């Protein structure tokens, strides 16, 4: 099953646009998007294939940390990880 995992790290300074653009580039291969311009947090939402939501979180957090390192972002602690499951196909009642 595919999961959307939103992860956020928090630190002690305001982030610049180029830092978040670098994070967006680093998570793009995971169907990811990045956030945090002008805040004291940076985050990403990435798509993970896993058996359960716990597995998705356990896979996503290290990938997020690696992407942040690739983007040369500060090594701030992860303060939030939220997992949402989604299906490839939707069924509608008519």
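Things to note:
- Residues being part of a loop (DSSP other than H, G, I, E, B), surrounded by fewer than 14 Cβ atoms within 10 Å (Cβ to Cβ) and in contact with a strand residue (DSSP E or B) (Cβ under 9 Å, 6 or more places away or on another chain) - total across the range 1-47: 2
- On inspection, residue 57 passes the criterion of being surrounded by 14 or more Cβ atoms within 10 Å (Cβ to Cβ), within 15 Å of residue 78 (Cα to Cα) and either under 13 Å from the mean Cα position of the chain (by Cα) or modelled with pLDDT under 95 (or both).
- Test: residue in the range 65-73 that is surrounded by 13 or more Cβ atoms within 10 Å (Cβ to Cβ), part of a strand (DSSP E or B) and modelled with pLDDT of 95 or more: no
- Matching residues, the range 11-41, being touching a helix residue (DSSP H, G or I) at 6+ places or on another chain (Cβ under 6 Å) and closer than 18 Å to residue 69 by Cβ: 26, 27, 34, 36
- Residue 85 being surrounded by 14 or more Cβ atoms within 10 Å (Cβ to Cβ) and over 10 Å from the mean Cα position of the chain (by Cα): no
The values are calculated or read from the model by the stated rules, or taken from the named source; none is laboratory data. This is a predicted model, so every value here is computed, not measured. Positions of Cβ are generated from backbone atoms using ideal geometry, with glycine treated the same way; all protein chains shown enter the neighbour counts.
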